[in-house]
Amino acid sequence: MCQFPDSLNAYNQILTRYWGFTDFKPMQEEIIMSVASGRDTLALMPTGGGKSLTFQIPAMASEGICIVVTPLIALMKDQVENLVSKGIAAQAIFSGLSRNEIDVALDNCVYGSIKFLYVSPERLGTAIFRARVGKMKVNLIAVDEAHCISQWGYDFRPSYLKIAELRDIIPHVPVLALTATATKDVIEDIQERLKFSSPNVIRASFERRNLHYLVDTTDDKHRRLLEIGGKIPGSGIIYTRNRRRTVELARFLSSNGISADFYHAGLGSETRSLKQNEWMKGKIRIIVATNAFGMGIDKADVRFVMHFDVPDTLEAYFQEAGRAGRDSRISFAIMLYNGNDRMSADKRVLVRFPSIEAVRQVYHALGSYFRIPYGEGKGLVLDFNIADFSSRYGFSPTNCYYCLKTLENEGYLELTEEVNSPPRVHFTVGRDELYKFQVANASFDAFIKLLLRTYSGVFTGFVAIDEEFLAKRSRTTREVIYQYLVRLNKMKIVNYIPGRKSPLIIMNTERLDGSSLYLSASSLNLRKKKYVSRLNAVYEYISSNKICRSKFLLEYFGEQDAGICGNCDICRHKREAGLSRYEFDLISGNIREAVKNGNVRADELVTLLEYPPEKTLLVIRWLFDNAVLVTQPGNIVKWDDK
Ligand code: ADP
């Protein structure tokens, strides 16, 4: 087992040396010290809380390599680049890479001095990974987005279950599981599934004091959009459910003189990063986006996040809304709601949970589409174009997607996000042999020199290249560069993998015939039930007109005794119902004083105070609704402000 230093000082030094920060954020220290003591740890921290450092710093302080399991390939690449830019050796392996690349990367981890290996969960079960990981000197397993392991949670990814097997291969390595969202049952589930040796949860409060939660019920969302967009200055994000609407709303705002652009996953990656950068720099004030926007985006001064459509879970809502106000200044999280929202949500439930028969049809069509013989195909990684597939078999792409998701949940296959991989090159010959080749093939000489001058490390492993850049540098076209590479590849001088962009399907089992494909109706129903209950929670949040929004959300995430925020629409409304803020505070202050000694009964309270009873009653009711006042045996009132 690898040793971690026990003094905080060692971690402080790393924080300053590599990251240039002088202090830890709240809870970072506690999490790091828990990991350092070798304990399995589940850390709950809101988005932006600084989760990455809680595994990166202890891993840096100890010998060996840290394995990081994380589901999003784009984020994985970001983190690796970030570490590498600090001079820290990091590698990523995910399903879009070729076998050869994975081989080289894993070898580097066994023999090299790699400090961080980022792995997408579906790679964990592969023979090639399992064989090598046992030979690595692993100091820590970090599991990002750990709630994905919970089968009944809102973002279950079956491949997360394989992490438990990883623990069997490398026992005695502590696990640090991280998530920005988890309800009570999910918290238990995570620890059980990750085989924690004893329960150990460290939780930072999810309270966001500067965030004002508002639910805006309106028949005219467009009008509210304009009003709010025009009224709140500064950067904003508007989330909407479908891609087409991002375009429509951004145009609508722009045509009304409000700076806005749209963003969704259907755009090319260059366009996406262009739009994202413009917004980050403040050149575009408002970005109208689907939920594809925001992961890994670290903009501190977002003044509002508006949900034009009601989200399906409070988990997603809290994460998205939480992107506002990371700089601690007053910011707004606004949800627009109208009577039709629930109806469309109910319709979506039907699509999201297709019939077993529909799922079977898609499964069999998939086998034919890829011409997989029965009894074969286990472990195949296939480029998948859902539009082509569904049109060929007459499925609606959305229905088809949820049928595939069902098959994924049942463990038959994995769907990965779109893998956008740059072209990569690795010289398969050594320097001497290459020199001989250059002498014998003068027409390649200039191109090879260009490659060697532009990129280092091409002899030791695959290096991502930029064909556009090479073309510019050598005053030629991308096509010419591509042709050189293809030819060198054929001549076995380089190993060249062209860039590509496509989602993948990985077959987890051999192709089964009709009778062997088992789909459990009870598990599908249970999943649906859980989904509907999460949906109900969203509508309870919207329709509740008693409980402070912040308190509602925090309690949903298991934070008992959360205080009232005083800023959300409910808190404001209560205060404003005939009372000024001054009056409300005055009366509630007096109530607090009156019940201090623990001998006042609820029915006496109104008469004890010298204010008009209707006002006093209003405040009392509000305090009870928000559990600031509670009754004890004998109807005695207690002020509970934990
Ligand atoms: P999370 O994964 O919890 O959303 P990140 O790990 O991405 O958060 O960190 C959020 C931001 O906080 C990043 O910009 C990171 O550099 C910054 N950060 C993390 N720890 C510290 C610290 N101790 N001091 C200052 N900034 C920090």
(message) For a quick check: with amide H placed at 1.01 Å from N, whose amide H comes under 5 Å from ASP216's, ignoring anything fewer than 5 positions away on the same chain?
(response) MET335, LEU336, TYR337
(request) Could you state the angle between the C-alpha long axis of helix 99-111 and the longest principal axis of the C-alpha atoms of the chain, as a value from 0 to 90 degrees rounded to the nearest 10? (result) 80 degrees
(message) Let me check against my output: what whole-number percent is the relative contact order of region 8-203, with C-alpha pairs under 8 Å and at least 6 apart?
(response) 29 percent
(message) Sort HIS426, HIS147, HIS222 by heavy-atom solvent-accessible area, probe 1.4 angstrom, most to least.
(response) HIS222, HIS426, HIS147
(request) Run the 1.4 Å probe and let me know the accessible area of MET491, rounded to the nearest 10 Å². (result) 80 Å²
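Counting only heavy atoms of the protein chains, get the accessible area per residue of region 423-498 (1.4 Å probe) and round it to a whole Å² value.
59 Å²
With both bridge residues required to lie in the chain, what share of the DSSP beta bridges run antiparallel, to the nearest 5%? Working shown, then result.
Details: 20 of 67 bridges.
Bridges in the chain that DSSP calls antiparallel: roughly 30 percent.
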(message) What do you get for the angle between helix 51-61 and the principal long axis of the chain? Use alpha-carbon atoms, 0 to 90 degrees, nearest ten.
(response) 50 degrees
(request) Please calculate the 1.4 Å probe accessible area of SER197, with all protein chains present, and give it to the nearest 10 Å². (result) 100 Å²
(message) As a test question: what accessible area, to the nearest 10 Å², does SER522 have when a 1.4 Å probe is rolled over all protein chains in place?
(response) 90 Å²
(message) For a quick check: with amide H placed at 1.01 Å from N, whose amide H comes under 5 Å from VAL119's, ignoring anything fewer than 5 positions away on the same chain?
(response) VAL68, VAL69, THR70, ILE93
(message) Taking 8 Å as the Cα distance limit and 6 or more residues as the minimum spacing, I'd like the relative contact order of the chain as a percentage.
(response) 12 percent
(request) Please identify every one of the GluC sites (Glu not before Pro) in region 4-75 that sits in a loop by DSSP and has no more than 12 other beta carbons within 10 Å of its own beta carbon. (result) GLU63
(message) Below 8 Å, C-alpha to C-alpha, sequence gap of six or more: please give me the relative contact order for region 423-498 in percent.
(response) 48 percent
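Please calculate how many Å² of accessible area region 549-639 carries per residue, with a 1.4 Å probe and no DNA, RNA or ligand atoms counted.
So region 549-639 comes to 51 Å² accessible per residue, rounded to a whole number.
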(message) Give me, ordered by chain and number, the residues 5 or more places off ILE238 or on other chains with an amide H under 5 Å from its own placed amide H.
(response) ILE287, VAL288, ALA289, MET306
(request) For the chain, give the percent of accessible area contributed by carbon and sulfur heavy atoms, probe 1.4 Å, rounded to a whole number. (result) 50 percent
(message) Quick check: the angle from helix 73-85's long axis to the longest principal axis of the chain, C-alpha only, nearest 10 degrees?
(response) 80 degrees
(request) Go ahead and estimate [θ] at 222 nm for the chain from helices alone: -39,500 (n - 2.57) per DSSP H run with n ≥ 4, summed, over the residue count, rounded to 500. (result) -13000 deg cm²/dmol
(request) Which order do the peptides 279-289, 430-440, 379-389 take when ranked by the mean count of other beta-carbon atoms within 10 Å per residue, highest first? (result) 279-289, 379-389, 430-440
(request) Work out the charge dipole of the chain with +1 on the Cβ of Lys and Arg and -1 on the Cβ of Asp and Glu about the Cα centre, then indicate which of ALA92, PHE584, PHE459 is farthest towards its positive end. (result) PHE459
(request) Starting from the Cα of LYS529, draw a straight line to each of the aspartates and glutamates and keep only those under 20 Å, dropping any in the same chain fewer than 8 residues away. (result) ASP155, ASP185, GLU188, ASP189, ASP312, GLU315, ASP341, ASP346, GLU357, GLU408, GLU410, GLU540
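The values are calculated or read from the model by the stated rules, or taken from the named source; none is laboratory data. Source: prediction; values computed, not measured. Neighbour counts run over all protein chains shown; Cβ positions are idealised from the backbone, glycine included. Heavy atoms of the whole protein, side chains included, go into the accessibility calculation; ligands, DNA and RNA do not. Shrake-Rupley method; radii C 1.70, N 1.55, O 1.52, S 1.80 Å.
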